[in-house]
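The values are calculated or read from the model by the stated rules, or taken from the named source; none is laboratory data. If you're wondering where the values come from, they're calculated on a predicted model, not measured in any experiment. For neighbour counting, all protein chains shown are included, and Cβ atoms are generated from backbone atoms with ideal geometry for every residue, glycine included.
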Amino acid sequence: MYTQNNKKFYIIGSNHLDFLDTTVEGISTLLECDLIIIPKSFKKEFREFLINNGKKIIEFNDFNFDNDLFFKKVFDLFKGRKKIGLLIKGDPYFHFTNNVNIFFSKKRIDVIKILGILEIAQWVNKKSDFLTNREKNSSLFFFIPSSKKEIRSILGKCFSGKLIIQIKNKALMEECLILLKKKNLKNKFKLYIDGSRKYLVKSITKFKNNYGNAYFVIECE
């Protein structure tokens with residue numbers, strides 16, 4: 001539920017490689033903003049569209065936006081402005097915890113998330129390895145665990161369809177791999193890290209800690 005606060009912080013999901021994937025709601029929201037924050041990885045078409053429509057933009061390096069340090073920088077930008085938009089890759093509901101709402105609610109600023117394209121869907125679609133199968137009418141289940149206990153709980157449940165687990169750090173990734181192997185699911189899951197499928201899961205310990213996002217896609221019976 002949104003309040004009557006005058007100031008709004010919009011988080012708009014999109015495909016950073018293709019402006020045309022931005023939803024109509026996303027585009028109309030961008031046109032309402034006084035300032036738009038855009039990661040440097042976004043294609044130039046985004047900047048050209050915004051500049052041609054008289055929008056002021058500010059560029060940031062790509063990093064984890066879901067932290068107080070970034071929130072404080074955004075809050076400082078609200079001086080003299082009422083509406084600020086942030087473009088991100090994928091879907092804001094998957095990339096932001098409730099921390100963003102808590103922080104800005106204390107500043108009397110509403111946070112409004114605009115649905116985009118699921119990041120993992122973009123990755124697998126490029127390889128024609130689609131998440132859904134219309135012939136089987138398969139279901140999708142999404143989880144973003146924050147602890148090893150949550151991972152054990154998720155993998156202990158029964159699902160029929162595809163289970164997608166987004167992993168934020170290497171420790172949770174290693175725990176998930178261990179449990180999947182114990183449950184004899186070694187040949188029923190795929191691991192994607194920053195857009196690439198990883199086949200050599202034995203070398204997981206060699207992966208860098210500061211990757212962007214990782215997803216396990218698990219086939220459940």
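Determine, yes or no, whether Thr29 is of a type in the set (S, T, N, Q), within 21 Å of Gly80 (Cβ to Cβ) and buried (at least 20 other Cβ atoms within 10 Å of the Cβ). The answer is yes for Thr29.
In this entry, Phe104 passes the filter for residues that are among the aromatic types (Phe, Trp, Tyr), farther than 20 Å from Lys168 by Cα and surrounded by 14 or more Cβ atoms within 10 Å (Cβ to Cβ). Among the residues of the stretch 72-91, those that are outside any loop (DSSP other than H, G, I, E, B), under 17 Å from Phe60 (Cα atoms) and touching a strand residue (DSSP E or B) at 6+ places or on another chain (Cβ under 8 Å) comprise Val74, Phe75, Leu77, Ile84, Gly85, Leu86, Leu87, Ile88, Lys89.
A quick yes/no check of all residues on (1) touching a strand residue (DSSP E or B) at 6+ places or on another chain (Cβ under 8 Å); (2) of a type in the set (A, V, I, L, M); (3) modelled with pLDDT of 75 or more; (4) under 25 Å from Lys168 (Cβ atoms):
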residue: Ile58; (1), (2), (3), (4): yes, yes, yes, no
residue: Asn64; (1), (2), (3), (4): no, no, no, yes
residue: Asp68; (1), (2), (3), (4): no, no, yes, yes
residue: Asn98; (1), (2), (3), (4): no, no, yes, yes
